[in-house]
Amino acid sequence: MRILAIETSCDDTGIAILDVKNKKFTVLSNIVSSQKIHKKYGGVFPMMAKREHQANLVPVLMQSLKLAKLLNSPDDKHRVSGVSHRAKFKIVEKILERESELLKQLQPFLKKYKKPDIDLIAVTHGPGLEPCLWVGVNFARVLSYVWDIPLIPVNHIEAHILVNFLSTRSDLVDRFPAVALVVSGGHTQLILMNGVGKYKIIGETRDDAAGECFDKCAKILGLGYPGGPIISQLAKELKKDIYLQNRRSSTLQVQLPRPMIRTKDYDFSFSGLKTAVLYLHKDLKNKYFYTSKYRSIVKELCWEIQQAIIDVLVKKTIKAVKDFNAKTIILGGGVSANDELRKQLKEKIQSDMPNTQYLIPDTALSTDNALMIAVAGYFHRSDTKDWQKIKANANLRIS
Ligand code: KG4
Ligand code: ZN
């Protein structure tokens, strides 16, 4: 079975092609075009991201098909015009009436290239930024309709979890109950899993997501977007600095709160942490901005922001695993690319619960990509839906 998957929920345009034979996954292609335009604004503007997706989708599709050796050469005979052909493209125009820029590229592409050898199309339909989700959904609807290929709507959060089964050859035996920690730019959720499709959100953030906290703190510190990788990099540099090798003797000790770390539930809250960073940074900037110490102070802040977030995530995840007797811990979402989080959670599991399985995605598959959508599409392969019935849902929930 060959699955073509589409991801456009935020600022990454992704198209992947996955082949599955005898439960064995082979990645034929996984192209992600990350929109650079948002860097200078320090965040993602949905309408700007929608425009970028419209411009990127056809080139990314062609690249993905080419890499998978599925892009059929242009075929003159295929370019038959006729009443039914014209009627078909009238419907395509209707589907893409709000994505005219995409239509301009997609129509000639569909007229030029024959249907590729694909059995199933999977597309993210939520959660995410509504205009961005619609571009992907409408693109998928057109492909499904014109090529006559069944279509599956995929939940983006579920895909962040299920991508972990890519390396385990879809083997699900003896893995449940599992606790999944999904940490991304828009979500921070602890999900109890009793099988694929059997989910219960047991805890989540009451305000900002962990990734959002990284992004907002980076903005406060004037470090750029997205904040997670930059903060993580500066924290790493600090670790190497002699200045921190003996942190106790350092002249300055930055301390931030660990919000909700002691509460009995599995919820999180990160907006207070961001506010604490705002005030602390203001203070430190006033004192040290023109001194040689300022750079180290920013690094120390980065280290402490990262550690405060990790402490809370690890504490609540371990608590959930113990309380629900979980056999497996699954990590997913953009923040799961964070080396320290991966490492510290692993160390805690090894010391406190060594028999628990620990699944983490390749760092390249932590952040948004379409391969995770393909994997989720595979697990839901029998849930195909008529293309006309698939809609974007910005607030889609996993349970
Ligand atoms: O899953 P994702 O790619 O997009 C959403 O679905 O939101 O997650 C993006 C988030 C951003 O907030 C980004 O700052 C964060 O993941 N992120 C990281 C790292 N890489 C990406 N956070 C911490 N450390 C990283 N290395
Ligand atoms: Zn995501």
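The values are calculated or read from the model by the stated rules, or taken from the named source; none is laboratory data. The shown structure was predicted, so the numbers you read here are calculated from the model rather than taken from an experiment. Using ideal geometry, Cβ is built from the backbone for each residue, glycine included, and neighbour counts are taken over all protein chains shown. The protein model used for the area step is the full one, side chains on, heavy atoms only, and it has no ligands, DNA or RNA in it. Shrake-Rupley method; radii C 1.70, N 1.55, O 1.52, S 1.80 Å.
Could you please find all residues in region 37-76 being closer than 15 Å to Ile118 by Cβ and small (Gly, Ala, Ser)? Listed by number, the residues that qualify are Ser64, Ala68.
Report the residue count in region 259-298 for those that are in contact (Cβ under 8 Å) with a residue 12 or more places away in the chain, open to solvent by 60 Å² or more (accessible area, probe 1.4 Å) and not hydrophobic (A, V, I, L, M, F, W, C). Steps first, answer last, please.
Within region 259-298, the first condition is being in contact (Cβ under 8 Å) with a residue 12 or more places away in the chain, and the residues that meet it are 259-261, 265-274, 276-278, 280-281, 284, 293, 296-298.
Then drop every residue that is not open to solvent by 60 Å² or more (accessible area, probe 1.4 Å), which leaves 278, 293.
Add one more test, that the residue is not hydrophobic (A, V, I, L, M, F, W, C), and what stays is 293.
So the answer is 1.
Look through region 159-177, keep the residues that are out of contact with any Pro (no Cβ under 7 Å at 6 or more places or on another chain) and within 16 Å of ligand 2 (Cβ to nearest atom), and return whichever of them is nearest to Lys23 (Cα to Cα).
Ranking the qualifying residues of region 159-177, first place goes to Leu166.
You will find that of Glu101, Glu93, Glu52, the residue that is open to solvent by less than 100 Å² (accessible area, probe 1.4 Å), within 18 Å of the chain's Cα centre (by Cα), modelled with pLDDT of 95 or more and among the charged types (D, E, K, R) is Glu52 and no other. Taken over region 178-198, the criterion of being away from ligand 2 (no atom under 16 Å from the Cβ), on the phi < 0 side of the Ramachandran plot and open to solvent by 30 Å² or more (accessible area, probe 1.4 Å) is satisfied by Asn194, Val196, Lys198.
Only one residue in Phe139, Phe165, Phe176 is of a type in the set (Phe, Trp, Tyr) and in contact with a His (Cβ under 9 Å, 6 or more places away or on another chain). Which one? Steps first, answer last, please.
Values: Phe165 fails: in contact with a His (Cβ under 9 Å, 6 or more places away or on another chain); Phe176 fails: in contact with a His (Cβ under 9 Å, 6 or more places away or on another chain).
Phe139 is the lone residue from the list that is of a type in the set (Phe, Trp, Tyr) and in contact with a His (Cβ under 9 Å, 6 or more places away or on another chain).
Listed by first and then second residue, the pairs with beta-carbon distance under 7 Å, at least 6 apart or on different chains, first residue in region 135-158 and closer than 14 Å to Gly377 by Cβ and away from ligand 2 (no atom under 16 Å from the Cβ), second of a type in the set (Gly, Ala, Ser) and assigned to a strand (DSSP E or B), are Ile152/Ala122. Looking only at region 314-336, residues that are surrounded by fewer than 22 Cβ atoms within 10 Å (Cβ to Cβ) and either under 21 Å from the mean Cα position of the chain (by Cα) or without any contact (Cβ under 8 Å) to a residue 12 or more places away in the chain (or both) come to 3 in all.
Find all pairs meeting these conditions: Cβ atoms under 7 angstrom apart; at least six residues apart or on different chains; first residue within region 5-17 and over 10 Å from Ser34 (Cα atoms) and in the same structural domain as Arg51 (by TED's automatic domain parsing); second residue within 12 Å of ligand 1 (Cβ to nearest atom) and of a type in the set (D, E, K, R). If the second residue must be within 12 Å of ligand 1 (Cβ to nearest atom) and of a type in the set (D, E, K, R), the pairs left are Glu7/Asp368; Ser9/Asp368.
For region 199-239, taking the residues that are open to solvent by 30 Å² or more (accessible area, probe 1.4 Å) and small (Gly, Ala, Ser), the one that is nearest to ligand 1 (Cβ to nearest atom) is identified as Gly224. Of everything in region 1-16 that is surrounded by fewer than 24 Cβ atoms within 10 Å (Cβ to Cβ) and in a strand (DSSP E or B), the residue that is farthest from ligand 1 (Cβ to nearest atom) is Arg2. Taken as a whole, region 127-134 holds at least one residue that is farther than 26 Å from Lys66 by Cα, among the small types (Gly, Ala, Ser) and out of contact with any Pro (no Cβ under 8 Å at 6 or more places or on another chain).
Residues in region 17-43 that are among the β-branched types (Val, Ile, Thr) and either within 16 Å of ligand 2 (Cβ to nearest atom) or open to solvent by 20 Å² or more (accessible area, probe 1.4 Å) (or both): Thr26, Val27, Ile31, Val32, Ile37.
Against the test of being under 21 Å from Ile230 (Cβ atoms), in contact (Cβ under 8 Å) with a residue 60 or more places away in the chain and either in the same structural domain as Asp12 (by TED's automatic domain parsing) or of a type in the set (D, E, K, R) (or both), the options Asp311, Asp339 yield a single qualifying residue, Asp339.
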